[in-house]
Amino acid sequence: MNGVPRYTLDDGTTIPAIGLGTWPLDDAQAERAVRTALEAGYRLVDTAANYRNETGVGRGVAGGGVPREEVVVTTKLPGRHHGYEETLASFEESRRRLGLEYVDLYLIHWPNPRVDKYVDAWRAMIRLREDGLVRSIGVSDFTHEHLTRLEKETGVLPSVNQIELHRLFPQEELRAFHAVRGIVTESWSPLGRGSVSLDDPAVAEVARAHGVTPAQVLLRWHVQLGALPVPKSADPGRQRANLDVFGFGLDEDQMAAVARRSPRRLGGDPDTHEEF
Ligand SMILES: NC(=O)c1ccc[n+]([C@@H]2O[C@H](COP(=O)([O-])OP(=O)(O)OC[C@H]3O[C@@H](n4cnc5c(N)ncnc54)[C@H](OP(=O)(O)O)[C@@H]3O)[C@@H](O)[C@H]2O)c1
């Protein structure tokens, strides 16, 4: 459609290999960012109830001049709504704010294992998909253990797991598990949220070799790992550049040079982090 390859999910739907992140934009910023991103060729947008910008994202999608069915709109269930009925009600609120008839990809935002209600939430997600209100269902920040429990108790594995993934935290084991089980890995904070990654000398050297920017090297690294990065940019020029990562390739040494040896998280540990 626009030169961006697509991943096929285990439910048969396809989604673009890169998308736009929208945290921490407010409604007005998100509306502008989504419009310019759609103009640039993005066809996947990532938001969440907790970003408080679903209204702006929905307006951007509605006014972006791209047919609704071409845009993969992702939103996420907040931790405070993990029960079965609560999930159904929370989804309705998200759908209303987005102004959409259906949501393409609905994710459980964090597992919040101490609360121990993510399986109830998952049953409701399955129901939403059966009812046609959601095209695809997935999770975010789930570990191997959380994913296995969902499958054991419901028989249904998520189509997508959106996880912290960047050159400082390459997540080899979880990605390998996803690959075996047919779960698409989405990368949040794919640029490593700033200068530690963008100004790294090893990344700069690879960028020079290809005549591209450090951000493009980092995003290309995700694509070649088979992951789906959702870089956030509100700047139309950087949005365009971030999408332009399908015309060059990193060799094995360059892939290895990008990833740091000692992994380091920037965000919370899903086993203990709680987000409501
Ligand atoms: N599921 C979760 O728990 C979770 C957690 C965190 C994030 N997310 C999602 O993942 C998305 C991305 O993560 P993130 O926003 O934390 O980090 P990120 O995408 O790695 O980095 C975003 C930062 O990089 C800048 N930037 C973007 N493109 C650039 C370029 N080409 N050159 C230089 N700087 C550039 C942006 O500024 P400008 O806007 O000025 O370009 C922004 O400050 C979020 O927006 C959100 O949708 C999900």
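The values are calculated or read from the model by the stated rules, or taken from the named source; none is laboratory data. In this text, all values refer to a predicted model and were calculated from it rather than measured experimentally. Here the Cβ positions follow ideal geometry from the backbone for every residue, glycine too, while neighbour counts run over all protein chains shown. The accessibility values were calculated without ligands, DNA or RNA, using every heavy atom of the protein model including side chains. Shrake-Rupley method; radii C 1.70, N 1.55, O 1.52, S 1.80 Å.
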Original post:
With charges only on Cβ, +1 for K and R and -1 for D and E, what is the dipole size of the stretch 126-276 about its Cα centre, in debye, rounded to 20?
Top reply: 300 debye
**OP:** Would you mind classifying the chain by shape? Square roots of the alpha carbon gyration tensor eigenvalues, ordered a ≥ b ≥ c; an a/c under 1.5 is rounded, otherwise it is prolate if a/b is larger than b/c and oblate if not.
**Re:** oblate
Original post:
Mind checking the angle between helix 118-130 and the chain's longest principal axis? C-alpha axes, 0 to 90 degrees, to the nearest 10.
Top reply: 90 degrees
Subject >> Rounded FRET efficiency, nearest 0.05, which uses the C-beta distance separating His273 from Gln29 and R0 of 35 Å >> reply: 0.85
Original post:
Which order do Lys152, Lys232 take when ranked by solvent-accessible area (1.4 Å probe, heavy atoms of all protein chains), largest first?
Top reply: Lys152, Lys232
Original post:
What does the accessible area of His146 come to, in Å² to the nearest 10, when a probe of 1.4 Å is used?
Top reply: 0 Å²
**OP:** Per DSSP H run of n ≥ 4, the term is -39500 (n - 2.57); total these for the chain, divide by its residue number, and report the mean residue ellipticity at 222 nm rounded to 500 deg cm²/dmol.
**Re:** -12500 deg cm²/dmol
Original post:
If you place +1 on the Cβ of every Lys and Arg, -1 on the Cβ of every Asp and Glu, and leave all else neutral, what size is the dipole of the stretch 56-141 about its Cα centre, to the nearest 20 Debye?
Top reply: 200 debye
**OP:** Identify, among Ala209, Val196, Gln224, the residue whose Cα sits farthest towards the positive end of the charge dipole of the stretch 176-233, taking +1 on the Cβ of Lys and Arg and -1 on the Cβ of Asp and Glu, with the dipole about the Cα centre.
**Re:** Gln224
Subject >> Average accessible area per residue (Å²) across the stretch 137-276 - probe 1.4 Å, nucleic acids and ligands excluded >> reply: 44 Å²
Original post:
Nearest 0.05, what FRET efficiency do Asp253 and Glu70 give at R0 = 51 Å with Cβ-Cβ as r?
Top reply: 0.85
**OP:** Using only Cα atoms, tell me the angle between helix 27-40 and the longest principal axis of the chain; keep it within 0 to 90° and round to the nearest 10.
**Re:** 60 degrees
**OP:** Please get the size of the charge dipole for the chain, origin at its Cα centre, with Cβ charges of +1 on Lys and Arg and -1 on Asp and Glu, quoted in debye to the nearest 20.
**Re:** 400 debye
Original post:
Once both labels are modelled 7 Å past Cα along the beta-carbon direction, what's the Val115-Lys152 spacing in nm?
Top reply: 2.2 nm
Subject >> Alpha carbon centroid spacing (whole Å) that separates the stretch 92-118 from the stretch 242-273 >> reply: 27 Å
Subject >> In degrees, nearest ten, helix 54-63 long axis to first principal axis of the chain (Cα) >> reply: 70 degrees
